[in-house]
Amino acid sequence: MNVHRILFCRLFLLIGLFITFFTSITLLAWQEHLTYGVPDPNHPFFHPHSLASGDPRHLDGNLQHGPNGKWPPVLSVYMEAPSSTDIWYNDPSSQKPKPKAPLPTRHTNRQALTRLTFPSMKYSSIDTTSKICNRIPSLLPIDDFGSTIRDPYLPWIHDLFISHDGKDVNVIAQNRRRCHKGKHHNEDLKFWEGQVSLFQPVAIKRLNTANKTYANLIKDENIQYRLSTHKESDSDGIETRFICRFKSIDHTQQIVTYQGETLSTYPFNYEFVNWRKQKSTMVEDGKEQSSFWLSPLMFNCPIPSHLQTTNPLSLLLDIIPIRTPTRRNNRDGFFFHEGHGGPMSFDAKKMWGTDHILPKVEESGRWENLPVCALPMSLTMVPSPLPVDHESAKKSADVTTNKKPHRLVACTWTSALHQRRGNERRITDGKARLREWIAFNLQVGFDHIYVFDNTGANATIFRLKNEVDPDFGKDASKSDRYRVRDDLRSVTDLFPSSQVTRIDWPATICNNNRPAHNDPGERSSQYAAEAACRTRYGPYTDWMASMDPDEYLVPMGSHTGWKEILDKVDREEGRKVLKFRSTRARPLLSALVPTYDEGVEECTHEMAKQHNQCLVKSEKKTYLETYNCEYIKSPKPERFARAMKQLYRPDFVLSHFVHYSTVTTDLATEKQHTQGAFIKQITTNDKTERFVDDELGEGVLIHAKTTVPAETFSREKMCKPNASSHCMVGIPCPDDLAFSDALHQKNVFHNEKGEFCNCWMNRKVENYWLPKLTDALSNIGSGL
């Protein structure tokens, strides 16, 4: 009996082993199975195949998705150690190490990578992914970059979204190297130099593609690339910098499917633009901070054509930077081809060699599982472009007729409260200002306002300093004080969604110092927001402006709105940029009321017993009414062009930076796309842009920057003839009093009675625009 039992047990064990072996073989074969797709004529080297998420060779190598190692996929970053590039240099410790030639291949492996995951961006379902897409700028680990994320070759991504035509993923990043400069930050400058290389195109060629059919190519699971010359490169690899790897998610089956790789493109060649601006290098050393066009980094990941009709909520994107030493152009040359029209002084064959093979994707530092998100359905119509050359614009009978949703829009990066540059003053009137500013802009002809709400950054700032936000009290619990308890939604919700869009944008600025500081400021969050607004919404409007809520673009003369002015510009001039000089207005003394602030020395009750009491704007007055007194009488002198603001056509301005159109289609046009002589030296083209000199008859900028109560404290000494410094409150001069720029700082202006005055009121604002604004505000809730 026992013998039979033993035989039965052995037989049962053998059957179990057979089933286990057969199942393993079946699973392995399934995981190795190639799912053949339709060849992509736009990207002929795309090769789709499917992998189960539990596969040890899954798309993120040995490092699995999620806490259980299988599901769901989660946003991750893989960092390479800085020492991985030491092999490139003879003396890596040098402040400006010179690369070896030819460039040695760096040897990396997946075990050497450091992985970070961000659980707030897990893609467990379509619904979860949709919620992530609605909040991308607030969920990306932007403020982790530079602290926990320390890889100088990874792009500092602030936003990403599908392009207006559905063919690309637009990526908005920032140059982390610009955050800290000066002699005390030499190590930072050296460490982050790889960020500059991301602006510099490389040429690459796929390996082992000769004489292979597409069917054979897609079987190659380990396609690799090598650095090459322009002539040797693949057609889509002539000017690139990132490998873009697309995947799809089957949430039901919990499978991630590899859908192919494309090579990134730039909206323009940054290196070429830098050369045309007569810069000898793209690497700013010391305190140098003038290359504004090298602050925001914009690039595109082409979407394989077979995915362009796929629900984007089922797609993920990996971005793998192609790592090379930064080209210091004055030392290493410019990587141009004959079509550029510039010096072809970088010898790729000499500097990179002929067999510099890039590491495999799984062995490279990268962003993994970024979401692929579409813009709102209301903006998915493809706009019809207007004529791009001036002659066509002049000949057009009515160039204002187009199929774009908007004629004129505005972008603003703002907050319920903020710190001025230098962190010297905290301003808390953001909500009231925004409400009035939106109402005014809708009155003067703006169709839509995009509000990038930076209020959430304040919670991050106080958390990083381990401090409690004083505006929310010191008795807040630890968990509560880290929460964003206020934002601008209560204001933007006062207006129809067809006119106002709020984008939650809580990224902090990396440096709020003044420009003249030893470590000059870099307001990275603001610059990225502006680039995102132009790229996101520019294709849907003819004209655009980027302004702060204390800046008012006022139509003047007989004009009743900006559209009639822009219609005339399009019809008669064909210009693409209108520029407005900026000066700081003074708050009218008659619009101010006394105030106390025990937290500010000048404004305490005790100080008021001995001196003038501090003043603040009356709640009964609008900001425009309060600040309707220009310290510099119109027309403003040329020297006030530095802090200009602009109305511009986003199809002409490819990169805009606060005050300036830093890159235009004129500037970015290469020799191969020009007719006649190609000129390197590019200056302001008066055929495409001009200043609005007729500030009384066409339009003017009023900068109503807040005068804080402490700045009114010294008025008894400063608001009188021949005072030693500026009077910061406004005392109007007669309209017909002549202005002298040479004398205005000497406080010599006075009325016919000899009484001191220091500013001029705008009568069009007083008599026409203020009544309209007051009426509009009366129909809008407070939002406070």
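The values are calculated or read from the model by the stated rules, or taken from the named source; none is laboratory data. Fair warning: this is a prediction, and the values are worked out from it, not measured in the lab. Heads up, the Cβs are rebuilt from the backbone with ideal geometry, glycines too, and the neighbour counts pull from every protein chain shown. Note: accessible area is taken over every heavy atom of the protein model, side chains too, but ligands, DNA and RNA are not part of it. Shrake-Rupley method; radii C 1.70, N 1.55, O 1.52, S 1.80 Å.
Annotations for the structure displayed:
- No other residue among LYS568, LYS563 is of a type outside the set (Phe, Trp, Tyr), part of a helix (DSSP H, G or I) and closer than 17 Å to ARG690 by Cα apart from LYS568.
- For VAL500, the conditions (1) without any contact (Cβ under 8 Å) to a residue 60 or more places away in the chain; (2) open to solvent by less than 20 Å² (accessible area, probe 1.4 Å); (3) of a type in the set (Val, Ile, Thr) are fulfilled apart from (1).
- Residues within region 719-736 that are open to solvent by 40 Å² or more (accessible area, probe 1.4 Å) and either free of Cβ contacts under 8 Å to residues at least 60 places away in the same chain or within 37 Å of the chain's Cα centre (by Cα) (or both), tallied: 8
- Residues satisfying the stated conditions in region 738-761, i.e. more than 43 Å from the chain's Cα centre (by Cα) and either surrounded by 10 or more Cβ atoms within 10 Å (Cβ to Cβ) or of a type in the set (Ser, Thr, Tyr) (or both): VAL748, PHE749, HIS750, ASN751, GLU755, PHE756
- Restricting attention to region 684-727, the residues that are in a loop (DSSP other than H, G, I, E, B), of a type in the set (A, V, I, L, M) and modelled with pLDDT under 95 add up to 2.
- Scoring TYR768 on the criteria (1) surrounded by 14 or more Cβ atoms within 10 Å (Cβ to Cβ); (2) closer than 30 Å to LYS277 by Cβ leaves a single failure, condition (2).
- Near pairs, Cβ below 6 angstrom, 6+ apart or cross-chain, from region 278-302 (without any contact (Cβ under 8 Å) to a residue 24 or more places away in the chain) to any residue that is part of a loop (DSSP other than H, G, I, E, B): SER291/GLU284
- If the condition is being assigned to a loop (DSSP other than H, G, I, E, B), farther than 24 Å from ALA531 by Cα and either modelled with pLDDT of 85 or more or not acidic (Asp, Glu) (or both), then region 466-492 contributes ASN466, VAL468, GLY473, LYS474, ALA476, SER477, TYR482, ARG483, VAL484, ARG485.
- Considering MET121, MET79, the condition of being closer than 28 Å to ASP144 by Cα and in contact with a helix residue (DSSP H, G or I) (Cβ under 7 Å, 6 or more places away or on another chain) is satisfied by MET121 alone.
- Test result for LEU592, touching a Lys or Arg at 6+ places or on another chain (Cβ under 7 Å) and either closer than 23 Å to LYS772 by Cβ or crowded, with 16+ Cβ neighbours inside 10 Å (or both): yes
- Across region 147-180, the number of residues qualifying as in contact with a helix residue (DSSP H, G or I) (Cβ under 7 Å, 6 or more places away or on another chain) and over 18 Å from GLU368 (Cα atoms) comes to 7.
- Scanning region 239-279 for residues being out of contact with any Lys or Arg (no Cβ under 8 Å at 6 or more places or on another chain) and closer than 25 Å to ALA531 by Cβ gives a total of 20.
- Some residue of region 642-654 being in contact with a helix residue (DSSP H, G or I) (Cβ under 8 Å, 6 or more places away or on another chain), among the acidic types (Asp, Glu) and touching a residue at least 24 places away in the same chain (Cβ under 8 Å): yes
- The strands (runs of 3 or more DSSP E) found entirely in region 221-335 that carry 2 or more residues being open to solvent by 20 Å² or more (accessible area, probe 1.4 Å) and not hydroxyl-bearing (Ser, Thr, Tyr) are 255-263.
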